[in-house]
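See structure below.
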Amino acid sequence: MAKSLNGIGASDGIAISKAYLLIEPDLSYSNDKISDVSAEVEKFQNAINQSKVELMQIRNNAEVALGADKAAIFDAHLLVLEDPELISPIEDNIKNNQANAASALMEVAQNFITIFESMDNEYMKERAADIRDVSKRVLSHILGVKLPNPSMIDESVVIIAEDLTPSDTAQLNKEFVQGFVTNIGGRTSHSAIMSRSLEIPAVVGTKDVTEQVSEGDIVIVDGSTGEVIINPEASVIESYKEKQSAFIAEKEALKQLINDPSVSKDGVHVELAANIGTPDDLVGVKNNGAEGIGLYRTEFLYMGRDQMPSEDEQFEAYKTVLSAMEGKRVVVRTLDIGGDKELPYLNLPKEMNPFLGYRAIRLCLDQQDIFRTQLRALLRASEFGKLSIMFPMIATINEFRSAKAILEEEKSKLAESGVNVSNDIELGIMVEIPSTAAMADIFAKEVDFFSIGTNDLIQYTMAADRMSERVSYLYQPYNPAILRLVKQVIDASHKEGKWTGMCGEMAGDTTAIPLLLGLGLDEFSMSATSILKARKQIKNLSQADMKKLAEKAINCATQEEVVALVNEIQ
Ligand code: PEP
Ligand code: MG
């Protein structure tokens, strides 16, 4: 029987494929004693051997799909399985205490994890993480339960998951993943943003897709409407195939605009730039006619690996992006880790409210070695293109001043050692925190530009978690409160002769674009795949008319009234 579900459309397009459930299985086990010791030891040894075979396959796949550095983590896991100091005590535990294989394994593994984690040594902490991963794999074989291995996917699938973390996404082979559907998340959760830059149709925030879909079900994902259909009838599949073809044809037609400037009907030029996460995204930037890069989320360089990227590694990535953009502006955001973006090797403390906690510039100003390494890499790369640097999550002018002072120090040190650094680097901030929007006139005197991060600005202004589908009704981009803050920031920058961009998802939203054009936004930075559609829309709008529309919108009482106003004109 066909079933359908509704979620939040996160990335346009239609996917029709077999479901692959990326779900933590139930790995609970009993502590019952056993009587046949040698059979239990054999069971344990079999599980070790099965885990080795599996890890070797995963390792080889990861090397082909993701490169040798990402595959190296599985070599470390294989070594754990060979380590007699771990294996012998488990076998002894079975033999001496009649412990069953599962409980013998987990008791010994947990002892090692506790000891290693308590050491003040990064290397040992990483070993604790390896033992945790490996013992889970061996346990799954003892229990006869299948662990999902996303890096092993080798056929077309739609991924079904609670959520996809950035590191899950980094393990997916894009060739086979046709779409994904998650239980949690909203349009601005990172899984949603990632799906747009990968051009994978996605629906998020369905609440319970993981309970509704079974492995191997056929699933249709409509990323535009948020609809998910499970085991559809043949006629429904046919009609979605037609919809899929129409979507592809529309995308092709937009390609005609690729070299056009982004100019409104009354001749106002705005910049349509792209948001990227890695140098791999440059293909999309070129294919969609971006006029620059308005947000390079550098944290992806730090994720999906088990140690910090070196200064040289970072330098190479920044140089690649700057050179490829051939003199067009590239706005690089310094490390914005924390919130829903974790770095396991940093061992960040667990917090009650990670979005309000130790993250982004707060962490960089505290752990300055990390920050200085990144700034040096950026400064060294600056001579290869037009670099702008911006700091994320600025809440006070003192944070900006401190970050700027550190940047200046690194610049002077590099100059003293004879390294070439561009003398034309713009320095800006993201406006994501209401305190900064409120103080925009003060900031505007000291920064070169603003980039409004509405993904966070909306969640902090409305006090509505961007990850929570339960409060997504309060996550209101068109609420006059948000429009007023945006106006205040743009006006403050213009008064000081500076520019304002927007790199939150709102910048590429077809309902927001007329309003933002009217409010005087200078740069719109969005998923590359939204650029051509936005260009077509702006060509058909007059800025003078949109100014009047925006004026009315900021005086509306509700988001619904604002949307109704916009719908009247398009
Ligand atoms: C934002 O908050 O709008 C933004 C662009 O940053 P991120 O989505 O990476 O938090
Ligand atoms: Mg943000």
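The values are calculated or read from the model by the stated rules, or taken from the named source; none is laboratory data. As the structure is a prediction and not an experimental result, all values here were calculated from the model. Quick reminder, even Gly has a Cβ in these numbers, built from the backbone with ideal geometry, and neighbours come from all protein chains shown. Areas reflect the complete protein model, heavy atoms only, side chains present, ligands, DNA and RNA absent. Shrake-Rupley method; radii C 1.70, N 1.55, O 1.52, S 1.80 Å.
Evaluation of residue 369 against the conditions (1) without any contact (Cβ under 8 Å) to a residue 40 or more places away in the chain; (2) part of a helix (DSSP H, G or I); (3) touching a strand residue (DSSP E or B) at 6+ places or on another chain (Cβ under 9 Å) shows that the sole unmet condition is (3).
Hey, does segment 312-330 have a residue that's touching a residue at least 24 places away in the same chain (Cβ under 8 Å), within 15 Å of ligand 2 (Cβ to nearest atom) and surrounded by 18 or more Cβ atoms within 10 Å (Cβ to Cβ)? There is no residue in segment 312-330 that is touching a residue at least 24 places away in the same chain (Cβ under 8 Å), within 15 Å of ligand 2 (Cβ to nearest atom) and surrounded by 18 or more Cβ atoms within 10 Å (Cβ to Cβ). Charged (D, E, K, R), surrounded by fewer than 16 Cβ atoms within 10 Å (Cβ to Cβ), over 30 Å from residue 169 (Cβ atoms) and not assigned by TED's automatic domain parsing to the domain that holds residue 109, is that true of residue 32? Yes. For segment 337-356, the set of residues classified as assigned to a loop (DSSP other than H, G, I, E, B), over 17 Å from the mean Cα position of the chain (by Cα) and within 16 Å of ligand 2 (Cβ to nearest atom) consists of 353 only. A count restricted to segment 165-197 and to residues that are within 16 Å of ligand 1 (Cβ to nearest atom) and free of Cβ contacts under 8 Å to residues at least 40 places away in the same chain stands at 1. Is it true that some residue in segment 285-307 is over 15 Å from the mean Cα position of the chain (by Cα) and of a type in the set (Phe, Trp, Tyr)? Within segment 285-307, not a single residue is over 15 Å from the mean Cα position of the chain (by Cα) and of a type in the set (Phe, Trp, Tyr). The set of residues in segment 225-239 that are of a type in the set (Asp, Glu) and surrounded by fewer than 17 Cβ atoms within 10 Å (Cβ to Cβ) comprises 233, 238. Residue 40 - would you say it is over 30 Å from the mean Cα position of the chain (by Cα) and of a type in the set (D, E, K, R)? So residue 40 fits the description; yes. Taking the criterion of being of a type in the set (Phe, Trp, Tyr) and outside any loop (DSSP other than H, G, I, E, B), the residues of segment 265-308 that qualify are 296, 300. When we screen 32, 36, 12, 75 for residues that are within 23 Å of residue 128 (Cα to Cα) and of a type in the set (Asp, Glu), the only hit is 75.
How many residues are surrounded by fewer than 23 Cβ atoms within 10 Å (Cβ to Cβ) and over 24 Å from residue 442 (Cβ atoms) if we restrict to segment 479-522? Of the residues in that region, 4 qualify. Scanning segment 346-360 for any residue that is touching a Pro at 6+ places or on another chain (Cβ under 9 Å), within 16 Å of ligand 1 (Cβ to nearest atom) and among the basic types (Lys, Arg) turns up at least one such residue. Which one of these is closer than 21 Å to residue 383 by Cα, within 16 Å of ligand 2 (Cβ to nearest atom) and surrounded by 17 or more Cβ atoms within 10 Å (Cβ to Cβ): 278, 334? Result: 334 is the single residue among 278, 334 that is closer than 21 Å to residue 383 by Cα, within 16 Å of ligand 2 (Cβ to nearest atom) and surrounded by 17 or more Cβ atoms within 10 Å (Cβ to Cβ).
From the list 391, 443, 384, 449, the one residue that fits, being at pLDDT 95 or above and within 16 Å of ligand 2 (Cβ to nearest atom), is 391.
Scanning segment 8-30 for residues that are out of contact with any Pro (no Cβ under 8 Å at 6 or more places or on another chain) and either among the hydroxyl-bearing types (Ser, Thr, Tyr) or modelled with pLDDT of 95 or more (or both) yields 16, 17, 18, 19, 28, 29, 30. Say we look at segment 337-350 and pick out the residues that are of a type in the set (D, E, K, R) and either within 17 Å of residue 466 (Cα to Cα) or in contact (Cβ under 8 Å) with a residue 40 or more places away in the chain (or both); which of these is most open to solvent (accessible area, probe 1.4 Å)? Only one residue tops the list, namely 342.
Yes/no per residue for (1) assigned to a helix (DSSP H, G or I); (2) among the acidic types (Asp, Glu); (3) closer than 12 Å to residue 268 by Cα:
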site: 525; (1), (2), (3): no, no, no
site: 533; (1), (2), (3): yes, no, no
site: 537; (1), (2), (3): yes, no, no
site: 541; (1), (2), (3): no, no, yes
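Being of a type in the set (Gly, Ala, Ser), within 16 Å of ligand 2 (Cβ to nearest atom) and either modelled with pLDDT of 95 or more or at positive phi (or both) is not true of residue 216. Residues of segment 528-541 that are modelled with pLDDT of 95 or more and open to solvent by less than 20 Å² (accessible area, probe 1.4 Å): 531, 532, 534, 535, 538, 541.
So how many residues does segment 309-326 have that are on the phi < 0 side of the Ramachandran plot, acidic (Asp, Glu) and part of a loop (DSSP other than H, G, I, E, B)? Break it down into steps so the answer makes sense when it comes.
Looking only at segment 309-326, we keep the residues that are on the phi < 0 side of the Ramachandran plot, and these are 309-325.
Subset that is acidic (Asp, Glu): 311-313, 316.
Those left that are additionally part of a loop (DSSP other than H, G, I, E, B): none.
Total meeting the criteria: 0.
Considering every residue within segment 364-372, establish whether at least one is farther than 14 Å from residue 297 by Cβ and crowded, with 21+ Cβ neighbours inside 10 Å.
Looking for residues that are farther than 14 Å from residue 297 by Cβ and crowded, with 21+ Cβ neighbours inside 10 Å, one finds at least one in segment 364-372, hence yes.
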